[in-house]
Amino acid sequence: MILFENSSFYLETKNTSYVMRVLDNKVLSNAYYGKKIGRCNLNAFSLIRGIGYSPSIALEGKNVSPLMIPWEMPTYGQGNFGLPGISVIGADNRFVNELSYESYEIINGKPSIKGMPSFDTNVEDVQTLKITLRDKALNYRVILYYSVFEKEDVITRRTEIVNMTDEQILIKSASSAAIEFQSKKFQMTTLKGSWARERWIDTYDLHQGVNSVESRRGSSSHQLNPFMALSEKNTTEHMGDVYGFALVYSADFKISVEVNEVDSVRVIAGINPENFCWRLQAGESFETPECVLTYSADGFNGMSHNFHNLCRNHLGKCADKNVKHPIVINNWEATYFNFNDEKIIEFIKACKGLGIDTMVLDDGWFGHRDNDDSSLGDWFIDEKKFPNGLEKVIETCKSQGMNFGIWFEPEMISRDSDLFRAHPDWCIHTDLREPVESRTQLVLDYSRQEVVDYIFEVMDDFLSKNDISYVKWDMNRNITDNGSNWLGEYQGEFSHRNILGVYDLEKRLTEAHPDVFFEGCAGGGGRVDFGILYYMPQIWTSDDTDSIERLRIQYGTSLVYPPSTMSAHISAVPNHQTGRITPFKSRNDVAQMCNFGYELNVAKLPQKEIEQIPKQVEEHRGLEPLIQDGDYYRLLNPFTGKQCAWELVSEDKKKAYVMLAAVNIAGNDTSYYVKPRGLNPEFIYQINDTDIIADGETIMNVGIPVVEPLGEYETRTFYLTKI
Ligand code: DGJ
């Protein structure tokens, strides 16, 4: 619901209000964002005033300090010293900007963004507010878009910049969203990590100055996810104010939070202005990626539910109810590069009768790739390994009742490849220096349309000629040599143009092959973001398959991304990343909360574990509706406590599933309770392996007793069923 009254915009969702005021028909300011309030005039609540030794401007009959104005889209100028949301360099290199309110429009639905993924644009119950601001001196317009997703308590924002001059201007920074909160003492939560240790939850006090998360790696990165939350100090998983921000973007991003000397907290989110500079010709416009804003009074889990619901209801492939997530077996950790058709056929045959849906052939099937030194870009079957092509392998899969999937790394090129020999200039580089290698590979320059077109043709042909139902799309290195010769003096456009090329390929391939299931991957979870998830409904969460490590990784990832977007596999022990030996049951229990599968050679398992597989598969089929459509709750925090527990509750609340794992054990550990959430208080539930038959209210308040504490790496699961 969007309303304009008395110079104020009211954007309302089920539980939140977002209010902006236009001051003196000139300055667009934020008046309130948070729990739903009445539509009263907020003038009398304003903190805006003059401050000694600070610039002042005349506004609403007073001299006030720009420091005290909660700018909706700040610029450098007007006595505003903080971070700008928009920064344009006009004729004669003038860089002082001043945006004034011009007009607004409320439209039903949501316009799409050219060349970029965004939340649904064909939704009827979404309204969009367009506010136009104008810098009269530099002569450009900024259109702020606010789309209101009422049911999910979300507002998505983005920006468009229009050059009104008859010459070129330069955009130095173009944020998707900016907002300023006054008089706040927030904490900031981020998802930090590295390869094989992605998305650990990190919460810290904001300090005066700029606090930020960002990537300059050409991908959204393992290191800092394009997400940030602000919360009051005492906020818990289930209580307290949380504001969540997440970008629908997969390349260089930055979310900055600047605290100034009067405790105003300014958030600027969007493309990373570092290494960015975009030329805008006369009459042209530039559209930013989308940013999701959500507020919850129900703590971090409440925020997560809003993100999860938005993703599952309105994000491209994630919202497509026809998409089925198969149970897979992948050969990577079982064979690495060391395989041929006979070995793979044996691998497939060992899966007979287990119920697994799809076998995924990982890296090493193309060119002459026996290790990671070569062949990326040569997407043709290695005839040494597969003298008769893939036909026999696919046939074997089919005869076992399985489908066949395959690995690609479409954005890469090896020096030792026919593609590189034919097109040495297709890798990301500039004339000035030799490109840096990582994992002995270079990156293709997707800012060049011919490169995107070539990879599309090759992959399209391959997918058309072979019976393939699943593609794992990997991306194993960051971009180091940001730039492209064809851009001349406009190298600052490279990173954004490159990701537009990636999105173009993802769009064309997924549209050309609607029945193929695409899984995202970037050295595990190096590109887990809403941009990739738009095209690929699930992402390989991490290369770390150790079940104890996965507790933190999956728990952290769930802050923003629903379990339906993550994949988790049971792998062999000792674990290849940590050397840890965990029970087969624990590996199963931890992997069951996501899209499930195996990353091992079945033939090498002890018979009693092989016999478990059909039961695990069946267990997963039972959990699928809870994973895809249910609600996810974080119950015990593995970052701060001795246990980890999470829960899935079915949409109708008739079923719930709780997984409990020991993270740290000690001698003489105490007994304790795990309190489920989200049950129907009135339903009577029975809990497996316990004597409990009780109403939801009782179970949620008393908790499930854990009488015997768990041992090292042990897990326990509880199924709650309405009787
Ligand atoms: C990184 C992925 O995350 C792994 O699962 C595997 O596909 C390798 N790349 C292959 O190179």
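Quick notes on this one:
- If the condition is being under 19 Å from residue 371 (Cα atoms), touching a residue at least 40 places away in the same chain (Cβ under 8 Å) and not charged (D, E, K, R), then region 406-435 contributes 406, 407, 408, 410, 412, 414, 417, 419, 420.
- The helices (runs of 4 or more DSSP H) falling completely within region 309-414 that include 1 or more residues that are away from the ligand (no atom under 16 Å from the Cβ), under 29 Å from residue 544 (Cβ atoms) and acidic (Asp, Glu) map to 341-349.
- In region 516-528, the residues that are in contact (Cβ under 8 Å) with a residue 24 or more places away in the chain and away from the ligand (no atom under 11 Å from the Cβ) form Cβ pairs under 9 Å with partners that are outside any loop (DSSP other than H, G, I, E, B) and of a type in the set (Gly, Ala, Ser), at six or more places apart or across chains, as follows: 516/405; 517/405; 528/520; 528/522.
- Scope region 110-131; condition among the hydrophobic types (A, V, I, L, M, F, W, C) and either without any contact (Cβ under 8 Å) to a residue 24 or more places away in the chain or touching a Lys or Arg at 6+ places or on another chain (Cβ under 8 Å) (or both); matching residues: 113, 119, 123, 126
- Any hit, region 47-69, residues being buried (at least 20 other Cβ atoms within 10 Å of the Cβ), in contact (Cβ under 8 Å) with a residue 60 or more places away in the chain and not hydrophobic (A, V, I, L, M, F, W, C): no
- Selection count, region 20-50, where residues are aromatic (Phe, Trp, Tyr) and assigned to a helix (DSSP H, G or I): 1
- Taking the criterion of being of a type in the set (A, V, I, L, M, F, W, C) and not in a loop (DSSP other than H, G, I, E, B), the residues of region 99-112 that qualify are 106, 107.
Residues are listed down the side, and each one gets a yes or a no for (1) under 30 Å from residue 171 (Cβ atoms); (2) within 28 Å of the chain's Cα centre (by Cα):
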| position | (1), (2) |
| --- | --- |
| 291 | yes, yes |
| 298 | no, yes |
| 309 | no, yes |
| 338 | no, no |
| 350 | no, no |
| 357 | no, yes |
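- Residue check for residue 291: surrounded by 24 or more Cβ atoms within 10 Å (Cβ to Cβ), farther than 30 Å from residue 359 by Cβ, in contact with a Gly (Cβ under 8 Å, 6 or more places away or on another chain) and not β-branched (Val, Ile, Thr): yes
- Pairs, first under 18 Å from residue 647 (Cα atoms) in region 613-633, second of a type outside the set (Ser, Thr, Tyr) and modelled with pLDDT under 95, C-beta under 7 Å, six or more apart: none
- Cβ-Cβ distances below 7 Å connect the following pairs, each with a first residue in region 230-246 that is at pLDDT 95 or above, a second residue that is part of a loop (DSSP other than H, G, I, E, B) and of a type in the set (Val, Ile, Thr), and a separation of six or more residues or different chains: 241/235; 242/235; 246/560.
- One residue alone among 52, 90 is closer than 17 Å to residue 264 by Cα, at pLDDT below 95 and in the same structural domain as residue 182 (by TED's automatic domain parsing), and that residue is 52.
The values are calculated or read from the model by the stated rules, or taken from the named source; none is laboratory data. From a predicted model like this one, the values you see are computed outputs, not experimental measurements. Here the Cβ is made from the backbone with ideal geometry for all residues, glycine too, and neighbour counts use every protein chain on show.
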